[in-house]
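Structure first, commentary second.
The values are calculated or read from the model by the stated rules, or taken from the named source; none is laboratory data. On a predicted model such as this, the values are computed, not experimentally measured, just so you know. Because the Cβ atoms are built from the backbone with ideal geometry, glycine has one as well, and the counts that use them run over all protein chains shown.
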Amino acid sequence: MLIVDDHPLMIEGLRRYLNPRRDIEVVGHATNGEEALSLARAESPHVVLMDVDMPRMSGIEATRRLAAACPDARVIALTGQGMEYVDEMRAAGAWGYLVKTEHPIEVARAILAVSKGTRLFEKRDAPTPSSDEPDPSVLTPRERQVLVLIAQGKSNKEIGQNLGIGVRTVETHRENLTRKLRVRGAAALTKWAISHKLVDIGN
């Protein structure tokens, strides 16, 4: 498999976890879409973990070109972005997606599943049955802060400025909120925050 991400720490973390495994072989890594295409042609990986947001060539465009150049390579979108990018990656030919906050065990499971021909979009898009609705205790203090600011109508940039963090970090927190609370979009997150009294509806 091939790892494609423009963050060295992300690449290093994945390599450290995946390299010792006997059922997954990491054949290389790339930091942008152009490098990914060149390396994929040389190594013919079966699975490619593809970051969505990269310089020089986005993961979406790289996936589209990879599908034509290396049709046997199965791409898993690796995203910290909004869900709209997931739809674009699926349209470009990706087999599934993972958010960057996934536990490494889940990353390995996804790689093995896709390598055996399982598409992950359908599984992940299915409603999550649950008899116990998540409560605020599942959120970290920072996630609560981000959620409150989302409910106040703040943009990612405004949230980042308010909390002194980067926009990409805000996007990661939003992904975490979506996963933990099992709701999507600012409106649904706002409704959840109000219903659990994290924000005052009058403010």
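List pairs: first in the stretch 187-200 and more than 12 Å from Val146 (Cα to Cα) and in a helix (DSSP H, G or I), second at pLDDT below 85 and β-branched (Val, Ile, Thr), Cβ under 7 Å, 6+ apart or cross-chain?
That search, which allows pairs on different chains as well, returns Trp192/Val183; Ile194/Ile201.
Out of all the residues in the stretch 160-172, is one or more under 18 Å from Lys100 (Cβ atoms), touching a residue at least 60 places away in the same chain (Cβ under 8 Å) and in contact with a helix residue (DSSP H, G or I) (Cβ under 7 Å, 6 or more places away or on another chain)?
Yes, the conditions are met somewhere in the stretch 160-172.
In the list Val99, Val148, Val114, Val47, which residue meets the criterion of being touching a helix residue (DSSP H, G or I) at 6+ places or on another chain (Cβ under 8 Å), under 19 Å from Val183 (Cβ atoms) and modelled with pLDDT of 85 or more? Don't jump to the end; show me each part of the working.
On the way: Val99 fails: modelled with pLDDT of 85 or more; Val114 fails: under 19 Å from Val183 (Cβ atoms); Val47 fails: under 19 Å from Val183 (Cβ atoms).
Among Val99, Val148, Val114, Val47, only Val148 is touching a helix residue (DSSP H, G or I) at 6+ places or on another chain (Cβ under 8 Å), under 19 Å from Val183 (Cβ atoms) and modelled with pLDDT of 85 or more.
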